[in-house]
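First up is the structure itself, then whatever we jot down about it.
The values are calculated or read from the model by the stated rules, or taken from the named source; none is laboratory data. All of these numbers come straight from a predicted model, not from anything done at the bench. Cβ coordinates were reconstructed from backbone atoms using ideal geometry, including for glycine residues, and neighbour counts include every protein chain displayed.
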Amino acid sequence: MMTVRNRRKMAGIPRGVISRLPVYYRYLSGLSQAHEKISSAELGKALNMTAAQIRSDLSYFGSFGLHGYGYRVDELRQRIAEILGLDREYRLVLIGAGNLGRALASYQNFRRRGFVISAIFDSDPQIIGEELGGVKIRSIDGLEKYLKSNPCDIAVICTPRDVSQGICDRLVAAGVKAIWNFSPIHLQVPDDVVVEHIHLTDSLLHLSFHLRHRTESNQS
């Protein structure tokens, strides 16, 4: 269980640092076994960051590597995995079995990382009872009953805008403390519930912004 002191320590870590940890982990996981060590300069060059940025990020979590040697790849990858909480399995419930929900349920890499979708819920009677990624789609009417007997770690919301907040409220009332939100609204939750908002169109808007301004810069 996380102590008050540890919660305060984690609360002081900038969101940017936390967002870069999965990038480090993904890159290190892709290196071959023959790649035994790596320096902060090499890691920074590969990820378009500075060595100082990487050392600063890692310093929030303790001492890493040896001066003049760098980091042992396997040890750094394992330490980051532990920081990210990847040393355990997480139970997920998915609400919304539309196109996006189906894509997420079919993505096998989640299970390999320890994120297991244990139940899927939807309101469409035509698809209730179907199997998706080996998991039966259940009626949303049974959400609370299921969670009472099968507590989950993370709920994934892939529902339309007009029902997402209501679904969120039901999940919170049922004791869910972490929500992965793919719906197009910003959910309101109590302070003790963590929400990660994933707005897919935002990435496209970022790209369109850069394309437009790069074009204008080239024309000037």
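Summary of values
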read-out	value
Of all residues in the range 23-55 being hydroxyl-bearing (S, T, Y) and within 18 Å of E82 (Cα to Cα), the one that is surrounded by the fewest Cβ atoms within 10 Å (Cβ to Cβ)	S29
Residue within the range 136-146 that is touching a Pro at 6+ places or on another chain (Cβ under 9 Å), surrounded by 12 or more Cβ atoms within 10 Å (Cβ to Cβ) and in the same structural domain as L187 (by TED's automatic domain parsing) present	yes
Hits in the range 58-112 (condition: among the β-branched types (V, I, T) and either farther than 19 Å from Q33 by Cα or exposed (fewer than 15 other Cβ atoms within 10 Å of the Cβ) (or both))	I83, V93, I95
Residues being out of contact with any Ser or Thr (no Cβ under 8 Å at 6 or more places or on another chain), free of Cβ contacts under 8 Å to residues at least 40 places away in the same chain and either outside any helix (DSSP H, G or I) or farther than 23 Å from S106 by Cα (or both) - total across the range 181-203	14
Total residues in the range 148-177, condition more than 13 Å from L94 (Cβ to Cβ) and part of a helix (DSSP H, G or I)	13
Selection count, the range 99-133, where residues are over 21 Å from L171 (Cβ atoms), among the acidic types (D, E) and in contact with a strand residue (DSSP E or B) (Cβ under 7 Å, 6 or more places away or on another chain)	1
Top-ranked residue of the range 42-65 - restricted to ones that are part of a loop (DSSP other than H, G, I, E, B) and closer than 17 Å to L28 by Cα, ranked as farthest from the chain's Cα centre (by Cα)	G65
